[in-house]
1. For the stretch 114-128, what are the residues that are more than 20 Å from residue 154 (Cα to Cα) and surrounded by fewer than 24 Cβ atoms within 10 Å (Cβ to Cβ)?
2. State yes or no: is residue 216 touching a helix residue (DSSP H, G or I) at 6+ places or on another chain (Cβ under 8 Å) and at pLDDT 85 or above?
3. Checking residue 189 against (1) over 19 Å from the mean Cα position of the chain (by Cα); (2) assigned to a loop (DSSP other than H, G, I, E, B), which test does it fail?
4. In the list 63, 11, which residue meets the criterion of being out of contact with any Cys (no Cβ under 9 Å at 6 or more places or on another chain), surrounded by 13 or more Cβ atoms within 10 Å (Cβ to Cβ) and over 23 Å from residue 248 (Cα atoms)?
5. In the stretch 14-48, what count of residues is obtained for those that are in contact with a Phe, Trp or Tyr (Cβ under 8 Å, 6 or more places away or on another chain), of a type outside the set (Phe, Trp, Tyr) and more than 25 Å from residue 253 (Cα to Cα)?
6. Have a look at 200, 178, 165 and point out the one that is part of a loop (DSSP other than H, G, I, E, B) and in contact with a helix residue (DSSP H, G or I) (Cβ under 8 Å, 6 or more places away or on another chain).
7. Between a residue in the stretch 191-203 that is open to solvent by less than 80 Å² (accessible area, probe 1.4 Å) and any residue that is of a type in the set (Phe, Trp, Tyr), which pairs come within a Cβ distance under 9 Å, given they are 6 or more apart or on different chains?
8. Any idea how many residues of the stretch 102-112 are in contact with an Asp or Glu (Cβ under 9 Å, 6 or more places away or on another chain), crowded, with 24+ Cβ neighbours inside 10 Å and touching a residue at least 40 places away in the same chain (Cβ under 8 Å)?
Amino acid sequence: MQGIEELLCATLRRENPPWPEYGDNKFVDRFIERSAYHGVQALLDHYIADHVDLSWPDVIVATCRQQATAQAMWEMRHQYMLNQVLDRLVAIGIHPILFKGTALAYDVYPAPFLRTRGDTDLLVPSDTRDRVAKALETLGFRELGIRADVISGQTSYSWTDPASNQEHTLDLHWRIANSTVLSNLFSYEELRSEARPLPNLGANALAADPVHALVLACMHRAVHKHTLYNVDDVARYGGDRLIWFYDIQLLFSMLSPSQRKEFVELAERKGLRATCLDGIEATRARFHTTIPEAVPGALSRPGPTETASGYLSGPRWYRIWMDFRAARGLRNRSGFLTELLFPPAVYMRQKYRQANLSWLPWLYVRRALAGSLKYLRSRDS
């Protein structure tokens, strides 16, 4: 890593790096673009505020301050919305588990708005989906798209804040991941049994415990190496966002020696040793995280073939085949193939953002042709 990424990492390591002499206007523009992509502008503002002698360009200082202020204002309303949701669900006997960004924001970050994100992930028991949907609708949420029961284990809901006209999104999960292989690794019941309260968020907030959260953070980062996600409405692939590595650093740093042992054991049970090793080593390379050598040593020792890590590092055709095999029963397997060939409209809207969805049949044809060409090129290479 050189240039902008290294400057970002050094700043987040609190090394007080000077602005480089070659940092011209083009470099400034690129720095702003990349810091936004990495989701760390609010964090940068937090650290810049502690170093008044940091001689960085005014436009960068102002941009980071503006982003931090906007995120803090968004956080206030998002917290209000979340507590309304959690109170309503608990009142009908459903206790969601928060995981990923919002859970970490209220658990391991100095202030929740420092963990930039665009939505909140909630996991609920699969047999409560309809009850949750009805409860959300009574609170003014609308469902985005159509639920896909085999491939996708989630659906999104949107609520528009009447005070600011801002949209707030919930990703409601009844499985931990949109993969039949990965979704079988962690059940709601498992996470619920180890869940911890989030008093900083609200009285009814529960989050995955730090050990599970760390394994999930490593898995989440690996998933996005090949799964589409959006940053500022731009579709992206890749597992290199610094905010995800910062999550891993904060989580690992809070583990006790006994919890580090549990982390290794959990990664081994789930077949994610290689994935977790890659996650913590990549984090150490960026943030110089103190990691006892016993941890990577245990994660890297020889062992049985890891289905989950092999799935995450494999090519697309292999992941599709593994997910198909993991779908239990003829009905689920036929449903898997149907959803694979004709994904829900919400997926098509994300993939073809500029297209009119009245053209949906033609978009499916376009998608099939593009996939066939990609396959043929991969066969020739």
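1. Passing the criteria: 114, 116.
2. no
3. (2)
4. 63
5. The number of residues fulfilling the criteria is 2.
6. Only one candidate qualifies: 200.
7. 191/99; 198/106; 201/106; 202/106
8. So the count comes out to 3.
The values are calculated or read from the model by the stated rules, or taken from the named source; none is laboratory data. All of these numbers come straight from a predicted model, not from anything done at the bench. For neighbour counting, all protein chains shown are included, and Cβ atoms are generated from backbone atoms with ideal geometry for every residue, glycine included. When the accessible area is computed, the model is the full protein with side chains, heavy atoms only, and any ligands, DNA or RNA have been set aside. Shrake-Rupley method; radii C 1.70, N 1.55, O 1.52, S 1.80 Å.
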